[in-house]
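Asker: Okay, here's the structure, questions in a sec.
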Amino acid sequence: MKRNYELSVTAEFCAAHKLNGYPGNCRNVHGHNWGVTVCVLATDLDKLGMGMDFRAIKALVKEALSSLDHAFLNDLAPFADQNPTAENLARHLYTELNHLLMQTLTANAASPDATLRVSRVMVAETPGASVTYWEDH
């Protein structure tokens, strides 16, 4: 039987954006206190009984959010050809966090295999409006 453990960490960052082509007020520059929940899937536990240390996940999330915090998202390279919507932010963070996780595993001489991966990223513009992004494997 394959066992799955999904570890999650939440964080926040502040950033402004505008939605080009949007027919309402969001076409104007405005800001959000964005909420982010990152889930890491572990299929194995280490000798301590952990899938991954929460502190390590928090460090990855902090690194991924550092370029977004207090930024005008429309000016950032990942959003040069697309609006920085919650959907596009979630996909960007999913990709970036998986990349950072693989770098970390490789740097720590761990085999970057299927035992650890970012499984989902949720981005909330407001406490009541969020999107979750994941890819099927």
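Quick note: the coordinates plus some simple rules give every number you see, no bench work behind them. Keep in mind it's a predicted model, so treat the numbers as computed, not measured. Cβ atoms come from the backbone with ideal geometry, glycine included; neighbour counts cover every protein chain shown.
Asker: Using Cβ contacts closer than 10 Å as the measure, can you line up Val131, Val121, Val36, Val29 from fewest to most?
Answerer: Details: Val131 16, Val121 25, Val36 22, Val29 10.
Lowest to highest Cβ neighbour count: Val29, Val131, Val36, Val121.
Asker: Roughly speaking, what is the stretch gain from Lys58 to Tyr5, that is 0.36 nm per residue apart minus the C-alpha to C-alpha distance, in nm to one decimal? Don't skip to the end; give the middle numbers.
Answerer: Numbers: separation 53, 0.36 × 53 = 19.08 nm, distance 1.68 nm.
Residue separation times 0.36 nm, minus the Cα-Cα distance, leaves 17.4 nm.
Asker: Additional query: Taking the Cβ of Ala77 as the center, what net charge do the other residues with Cβ under 15 Å away carry, scoring Lys and Arg +1 and Asp and Glu -1? Write down the numbers at each step before the final one.
Answerer: Numbers: positive: Arg91; negative: Asp75, Asp81, Glu96.
Overall, the nearby charge balance is -2.
Asker: Using the Karplus curve 6.51 cos²θ - 1.76 cosθ + 1.60 with θ = phi - 60°, work out ³J(HN,Hα) for each residue of the range 70-87 in order, rounded to whole Hz, and write x for Gly and Pro.
Answerer: Running phi through 6.51 cos²θ - 1.76 cosθ + 1.60 with θ = phi - 60° gives 6, 10, 8, 4, 4, 7, 8, 3, x, 10, 5, 10, 8, 5, x, 6, 4, 4 Hz.
Asker: Now for a separate question. Project the alpha carbons of the chain onto their principal axes and report the range along each, largest first, in whole Å.
Answerer: Principal-axis extents of the chain (Cα, largest first): 53, 28, 24 Å.
Asker: A follow-up question, please. Above 17 angstrom, tally the Cα pairs of the range 1-74 and express them as a % of all pairs, no decimals. Mind showing how you got there, number by number?
Answerer: Numbers: 1547 of 2701 pairs.
Every Cα pair in the range 1-74 considered, those over 17 Å come to 57 percent.
Asker: Would you calculate the separation in nanometres between label points at Lys47 and Glu87, each defined as 7 Å from the Cα along the Cα-to-beta-carbon direction?
Answerer: Roughly 4.7 nm, to one decimal.
Asker: A follow-up question, please. If you rank Met1, Met50, Met122 by fewest surrounding Cβ atoms within 10 Å, what's the result?
Answerer: Details: Met1 2, Met50 13, Met122 20.
Fewest-to-most Cβ neighbours within 10 Å comes out as Met1, Met50, Met122.
Asker: Which of Leu89, Leu48, Leu101 moves most in a GNM of the chain, Cα contacts under 10 Å?
Answerer: Highest fluctuation among the options: Leu48.
Asker: By how many degrees, between 0 and 90 and to the nearest 10, does the Cα long axis of helix 54-66 differ from the longest principal axis of the chain?
Answerer: Roughly 30 degrees, rounded to the nearest 10.
Asker: Among Cys14, Cys39, which comes first, then next, by fewest other beta-carbon atoms within 10 Å? Please report the intermediate quantities before stating the final value.
Answerer: Values: Cys14 12, Cys39 19.
Fewest-to-most ranking of Cys14, Cys39: Cys14, Cys39.
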